[in-house]
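Supplied in structure tokens, the structure appears directly below.
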Amino acid sequence: MNKKLIALAGGLLLPAFARAADLDGATLSLGWGVPFAGILLSIALFPMLAPGIWHHHFGKITALWTALFLLPFAAAFGLGQTGALVLHALFTEYIPFIVLLFALYTVSGGILVWGSLHASPRLNTLILAIGTALASVMGTTGAAMLLIRPLLRANEGRKRNVHVVVFFIFLVANVGGGLTPLGDPPLFLGFLKGVTFGWTFQHMLMPVLLLSALLLIIFYFLDRHMFAREAKEGTLKPVDTSHDKPLKLHGKRNFWLLGGVVGAVLMSGLWKPGIAFELPGVHLELQNLLRDLALLLLAFVSLWITPKQVRAGNEFNWLPILEVGKLFAGIFITIAPVIAILRAGDHGALAGLVQTVSGPDGKPLDGMYFWMTGILSSFLDNAPTYLVFFNLASGDAAELMGPFGSTLLAISMGAVFMGAMTYIGNAPNFMVKAIAEHRHVKMPGFFGYMLWSGAVLLPCFLLLTLVFFHF
């Protein structure tokens, strides 16, 4: 009897499972997007208004918003379609995303730069340039965690060092990650959707080089001005080299593991054996499963081979990756109806937004895609924002890499670059801020940081618009 009931339930649920990934966005109201907006607004406002509550309960807050989506959705569409939607979100997008972040965070946390560094405009600019270059290989999180502490030690004791951390966030935690899917979460989501590794590097190279060069030049002259000002005021401490320790790199074996991370990601993009496994609402390809298993293995090998003293020197802990993991589990589930509505185009509840980024003839306005993606990436999180506009533009990677290549470039630039506009725009921003404050750097508040980003970045973005999109 039980077997018959199970078979009957399976027969009833399987059709709903099959339809789950194809929600009809034209029939959905914007009300289904409220839980998604609630999670993003919680990320934006709780750290400012109630940091203690957020620090201790962010997982519960995210779970509450997710439940407020799933329970009504199950009541409206049934358990089968709800289960398939969750499976699709977790297995197709969330797990590959969080596994890559986990691997990069773990492996980079096993590399320690230790020794005596004495700040100067030239040295600070060099560190920022190195971090910018590394960000596309190690990820913005990995590069930021590797270099922020040596940079802070070098500038310790300076009266004016806030700008050093602010530009570090601009360059290392954001702009530098724009060259590869490894660099920044939005580009990895694009990679999962079919955007090739080579396309990202080829088309993002010039924007990243131009913006990086602009910011490094601005920083060098600003830092030189600050040094001169501190020297005039007599607040610069004399450099004492008598106790200097040579610069050393510990945990160097982790660089081989980073190479393995790059290789695993490249393998999943280049090797197509045509073998796939089907779950309700989910299509799992063999190369992607092997990539994720390899990334997990590399992370655990890093934990095994790295001495505890190295991770202690980096003040390594799991809190940042746990926060990202809990938040994005909710985001990837609750964003599903928003993406379905956007896919409906002029027939969906977000037709006004569709019309904003498209001309009267229906063709995409690349400049508007750049700014709309960027503005939302500034105040929300740049990874789901990229996903929203990716689907709004077409949702088809082949089409976006072909006739709509400039639109995909605009979306990629907006998501990666304007994640630097606020502390909440990209995951490493807050992590860098917290480490700097722990080292007694008086970092600006939320709106104070926006004054910095508005004054420095907005003119650069206007220039990029003129150069690449001929606004």
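Go through the stretch 20-42 and give me each residue that's open to solvent by 30 Å² or more (accessible area, probe 1.4 Å) and within 19 Å of N429 (Cα to Cα).
Hit for the stretch 20-42 is L41, nothing else.
For the list (1) in contact (Cβ under 8 Å) with a residue 12 or more places away in the chain; (2) surrounded by fewer than 17 Cβ atoms within 10 Å (Cβ to Cβ), I need the number of the one condition that W54 fails.
W54 satisfies all of (1) in contact (Cβ under 8 Å) with a residue 12 or more places away in the chain; (2) surrounded by fewer than 17 Cβ atoms within 10 Å (Cβ to Cβ) except (2).
For V164, indicate whether it is under 20 Å from the mean Cα position of the chain (by Cα), of a type outside the set (D, E) and either modelled with pLDDT of 85 or more or open to solvent by 10 Å² or more (accessible area, probe 1.4 Å) (or both).
No; evaluated as a whole, the condition is false for this residue.
Can you tell me which residues in the stretch 377-401 are of a type in the set (D, E) and either modelled with pLDDT of 85 or more or open to solvent by 50 Å² or more (accessible area, probe 1.4 Å) (or both)? Before you say what the answer is, go through the steps one by one.
Taking the stretch 377-401 as the starting set, the residues that turn out to be of a type in the set (D, E) are 381, 396, 399.
Result: D396, E399.
So which residues in the stretch 392-431 are aromatic (F, W, Y) and more than 24 Å from T132 (Cβ to Cβ), if there are any at all?
Selection gives F404 alone.
Another one. Within the stretch 341-352, restricting attention to residues that are more than 24 Å from A84 (Cα to Cα) and in a helix (DSSP H, G or I), which residue is most open to solvent (accessible area, probe 1.4 Å)?
Here the answer is H347.
Name the residue, out of A133, A213, A144, A103, that is in contact (Cβ under 8 Å) with a residue 40 or more places away in the chain, assigned to a helix (DSSP H, G or I) and open to solvent by 20 Å² or more (accessible area, probe 1.4 Å). Let's see the steps before the verdict.
On the way: A213 fails: in contact (Cβ under 8 Å) with a residue 40 or more places away in the chain; A144 fails: open to solvent by 20 Å² or more (accessible area, probe 1.4 Å); A103 fails: open to solvent by 20 Å² or more (accessible area, probe 1.4 Å).
After ruling out the rest, the residue left standing is A133.
Which one is modelled with the highest pLDDT among residues in the stretch 353-376 that are farther than 26 Å from S453 by Cβ and open to solvent by 40 Å² or more (accessible area, probe 1.4 Å)?
Start the filter on the stretch 353-376 by keeping residues that are farther than 26 Å from S453 by Cβ, which leaves 354-355, 358-364.
After this cut, where a residue has to be open to solvent by 40 Å² or more (accessible area, probe 1.4 Å) as well, the list is 355, 360-363.
Numbers: Q355: 80, P360: 79, D361: 76, G362: 73, K363: 83.
Across the stretch 353-376, the extreme among qualifying residues is K363.
Something else: Could you give every pair whose Cβ atoms fall below 6 Å, whose first residue belongs to the stretch 30-44 and is touching a residue at least 60 places away in the same chain (Cβ under 8 Å) and under 14 Å from L70 (Cβ atoms), and whose second residue is of a type in the set (F, W, Y) and open to solvent by less than 10 Å² (accessible area, probe 1.4 Å), counting only separations of at least 6 or pairs across chains?
Pairs that qualify, where the first residue is touching a residue at least 60 places away in the same chain (Cβ under 8 Å) and under 14 Å from L70 (Cβ atoms) and the partner is of a type in the set (F, W, Y) and open to solvent by less than 10 Å² (accessible area, probe 1.4 Å), are P35/F69.
Out of everything in the stretch 222-241 that is free of Cβ contacts under 8 Å to residues at least 40 places away in the same chain and in a helix (DSSP H, G or I), what residue ends up being most open to solvent (accessible area, probe 1.4 Å)?
Result: K232.
Based on what the data block shows, is A154 among the small types (G, A, S), farther than 28 Å from G325 by Cα and open to solvent by less than 20 Å² (accessible area, probe 1.4 Å)? Break it down into steps so the answer makes sense when it comes.
Working: among the small types (G, A, S): yes; farther than 28 Å from G325 by Cα: yes; open to solvent by less than 20 Å² (accessible area, probe 1.4 Å): yes.
The answer is yes for A154.
Give me the pairs, please: first residue somewhere in the stretch 109-126 and part of a loop (DSSP other than H, G, I, E, B) and at pLDDT 90 or above, second residue anywhere and open to solvent by 20 Å² or more (accessible area, probe 1.4 Å) and among the polar types (S, T, N, Q), beta-carbon distance under 8 Å, and either six or more positions apart or on two chains.
none
Quickly run through the stretch 117-130 and pick out the residues that are surrounded by fewer than 15 Cβ atoms within 10 Å (Cβ to Cβ) and closer than 12 Å to R153 by Cβ. Show your work before the answer.
Taking the stretch 117-130 and keeping what is surrounded by fewer than 15 Cβ atoms within 10 Å (Cβ to Cβ), we get 118, 122, 126.
Passing the criteria: only H118.
Still on this structure: If you go through the stretch 182-205 one residue at a time, how many are small (G, A, S), surrounded by fewer than 19 Cβ atoms within 10 Å (Cβ to Cβ) and closer than 15 Å to I411 by Cβ?
Adding up the residues that qualify gives 1.
Mind checking which residues of the stretch 282-332 are open to solvent by less than 70 Å² (accessible area, probe 1.4 Å), touching a strand residue (DSSP E or B) at 6+ places or on another chain (Cβ under 8 Å) and farther than 25 Å from R153 by Cα?
The answer is L284, E285, L286, L289.
The values are calculated or read from the model by the stated rules, or taken from the named source; none is laboratory data. For clarity, every value in this text was computed on a predicted model and none was experimentally measured. Don't worry about glycine lacking a Cβ; one is built from the backbone with ideal geometry, like all the others, and counts go over all protein chains shown. Remember, those area values only see protein heavy atoms, side chains included, never the ligands or the DNA or RNA. Shrake-Rupley method; radii C 1.70, N 1.55, O 1.52, S 1.80 Å.
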